[in-house]
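Presented below is the structure to which this report refers.
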Amino acid sequence: MGPAPGRAPDGTYDERGAIVAAAELVAAHVAETANAERIEHELRTRGVTFREVAHSHMRWLADVAGAKPSTLRDRETVLGEPGVPRKRGEGKTLGHVMAALGDRPAAKITTREIDALLATISATGASASTVNKYRSAVSAVFNHGCKPSTFALPANPVKGADKRREPPQAPLVFYAPDEIEAIARALAEGRHRDPAYPAVNDSERMARQAEDQQDAEMVRVAAYAGLRQGELLALRWRDVDFAGSALTIARAMSAGVESSTKSGRVRRVPLADQPAAALDRMSRRERFTSLDELVFCNVFGRPLDGSALRRRYKRAQVAADVRPLRFHDLRHTFGSLLAARGVDVVTIQKAMGDSALSTTSRYLHARPASEQAQAFTAAFAPGTDAAEAISA
């Protein structure tokens, strides 16, 4: 049956109903506008707090800047509320920044308050670099808040706050090839494992052996190809070009999430015989060798836990009786060994994916001074042509 005479069909309005619906829409819009004006008035009256600016900054980092997960996690730690349990590991955030500035109107925070905050952090025994990291994070929040498109804060009070003087960088330390192999052997032989907890059956024993062999080969690839740990964890078999003797580094793991490389660029790394042999041995395993699968993975073919890997590496150092260098120092080993053998700094920079040549220049300390001394001697010899000395 159709609608009763005089009634509008379902889903439509008659004249009176349309007027009522339009009035309701207008009223809702007026109420929404009034609420927005009220919020804006409150912000103008009391001033937006530092906490609100910080939260806006974090959203901008994630949604607009596309910051890496590790960057976001680090910034969340610095700007966290006091006493919040950490997402990774034990303990709670100290919350120095929010305790001092969180409820303060951002526009009224002074440089004196920033200096007091930094002094509080320094008093905990934090290093100069840690204090400066806090300073940089707070400054980034204010820079975000000063934008006309955000809160139009009048100034950034951090600019006038003193930076801590950091000690000069110590010369890079690195392993010799025999030390790399000693660590790899300790891993492959399972000497880093606690003998009090042996495998309970053959299946677990085989799984452990496979993991130990993989860790050993990963150490070799890290030291002989110069990859960052995140790049190792994201490496897939399609990135390995045995025929072309190269690795394509296009991505990295950041806080367990696959992301772009640190520089945001793809690079092609020459694959020397040593890392190629390690990867060749890995390619002969029974599973996880198709093009889209990870080169270094857990028993389910999923990404490895970087923290657990570093713990195994440290125990292997002890078992191998070598110097306790960081996992990242395997990358420094790559650059330093190349520099020591006379490879030019630009070639090293391209292989390592460093954004600035000054970063790669740190490896030149490994080059024997005797080589340079010989060149200097030739340059100062009587009768040496200047052009010849330069070309030499």
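The values are calculated or read from the model by the stated rules, or taken from the named source; none is laboratory data. Because the structure is a prediction, the values reported are computed rather than measured. Neighbour counts run over all protein chains shown; Cβ positions are idealised from the backbone, glycine included. Note: areas computed on protein heavy atoms with side chains; ligands, DNA, RNA excluded. Shrake-Rupley method; radii C 1.70, N 1.55, O 1.52, S 1.80 Å.
The single condition from (1) free of Cβ contacts under 8 Å to residues at least 40 places away in the same chain; (2) touching a Cys at 6+ places or on another chain (Cβ under 8 Å) that Leu304 fails is (1). Checking each residue in the range 251-267 for being β-branched (Val, Ile, Thr) and touching a Ser or Thr at 6+ places or on another chain (Cβ under 9 Å) picks out Val257, Val266.
If you take the residues of the range 289-328 that are among the hydroxyl-bearing types (Ser, Thr, Tyr) and more than 11 Å from Ile183 (Cβ to Cβ), which of them is modelled with the lowest pLDDT? Please lay out each step first, then the result.
Taking the range 289-328 and keeping what is among the hydroxyl-bearing types (Ser, Thr, Tyr), we get 289-290, 307, 313.
Still in the list and also more than 11 Å from Ile183 (Cβ to Cβ): 289-290, 307.
Working: Thr289: 96, Ser290: 96, Ser307: 93.
Only one residue fits best here, namely Ser307.
Of the residues contained in the range 202-215, none is found to be part of a loop (DSSP other than H, G, I, E, B) and in contact with a Lys or Arg (Cβ under 9 Å, 6 or more places away or on another chain).
Looking at the range 252-264, can you tell me whether even one residue there is surrounded by fewer than 17 Cβ atoms within 10 Å (Cβ to Cβ), in a loop (DSSP other than H, G, I, E, B) and in contact with a helix residue (DSSP H, G or I) (Cβ under 6 Å, 6 or more places away or on another chain)? Yes, that holds for at least one residue.
If you check Arg185, Arg236, which single one turns out to be open to solvent by 20 Å² or more (accessible area, probe 1.4 Å), among the basic types (Lys, Arg) and in contact with a strand residue (DSSP E or B) (Cβ under 9 Å, 6 or more places away or on another chain)?
Details: Arg185 fails: in contact with a strand residue (DSSP E or B) (Cβ under 9 Å, 6 or more places away or on another chain).
After applying the criteria, what remains is Arg236.
When you check Phe288 against the structure, is it farther than 20 Å from Asp329 by Cα, touching a Phe, Trp or Tyr at 6+ places or on another chain (Cβ under 9 Å) and not β-branched (Val, Ile, Thr), yes or no?
Details: farther than 20 Å from Asp329 by Cα: yes; touching a Phe, Trp or Tyr at 6+ places or on another chain (Cβ under 9 Å): yes; not β-branched (Val, Ile, Thr): yes.
Yes: the conditions hold for Phe288.
Within the range 347-358, track down each residue that is in a helix (DSSP H, G or I) and either open to solvent by less than 50 Å² (accessible area, probe 1.4 Å) or touching a Leu at 6+ places or on another chain (Cβ under 7 Å) (or both). Walk me through how you get there before you give the answer.
Keep residues of the range 347-358 that are in a helix (DSSP H, G or I), which gives 347-352, 357-358.
Within the range 347-358, Ile348, Gln349, Ala351, Met352 meet the criteria.
Among the residues of the range 136-149 satisfying the criterion of being part of a helix (DSSP H, G or I) and open to solvent by 40 Å² or more (accessible area, probe 1.4 Å), which is nearest to Ser56 (Cα to Cα)? Break it down into steps so the answer makes sense when it comes.
Step one: of the range 136-149, the residues part of a helix (DSSP H, G or I) are 136-145.
Among the residues that remain, those that are also open to solvent by 40 Å² or more (accessible area, probe 1.4 Å) are: 136, 143.
On the way: Ser136: 17, Asn143: 12 Å.
Taking the candidates together, the pick is Asn143.
For the range 315-344, how many residues meet the condition of being over 20 Å from the mean Cα position of the chain (by Cα), of a type in the set (D, E, K, R) and closer than 30 Å to Ser358 by Cβ? Count: 3. Checking the structure you have, find out if any residue of the range 138-146 is modelled with pLDDT under 95 and out of contact with any helix residue (DSSP H, G or I) (no Cβ under 9 Å at 6 or more places or on another chain). No.
Screening Leu338 with (1) at pLDDT 95 or above; (2) open to solvent by 40 Å² or more (accessible area, probe 1.4 Å) gives one miss only, at (1).
This table checks each residue for (1) assigned to a helix (DSSP H, G or I); (2) within 21 Å of Met58 (Cβ to Cβ); (3) open to solvent by less than 60 Å² (accessible area, probe 1.4 Å); (4) free of Cβ contacts under 8 Å to residues at least 40 places away in the same chain.
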position: Val97; (1), (2), (3), (4): yes, yes, yes, no
position: Ile114; (1), (2), (3), (4): yes, yes, yes, no
position: Leu117; (1), (2), (3), (4): yes, yes, yes, yes
position: Ile121; (1), (2), (3), (4): yes, yes, yes, yes
position: Asp162; (1), (2), (3), (4): no, no, no, no
position: Gln169; (1), (2), (3), (4): no, no, no, no
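Looking across the range 269-287, the residues that are free of Cβ contacts under 8 Å to residues at least 60 places away in the same chain, assigned to a loop (DSSP other than H, G, I, E, B) and surrounded by fewer than 19 Cβ atoms within 10 Å (Cβ to Cβ) come down to Ala272, Ser283, Arg284, Glu286, Arg287. When the range 31-78 is filtered for residues that are of a type in the set (A, V, I, L, M), modelled with pLDDT of 85 or more and part of a helix (DSSP H, G or I), the ones remaining, listed by number, are Val53, Ala54, Met58, Leu61, Ala62, Leu72, Val78.
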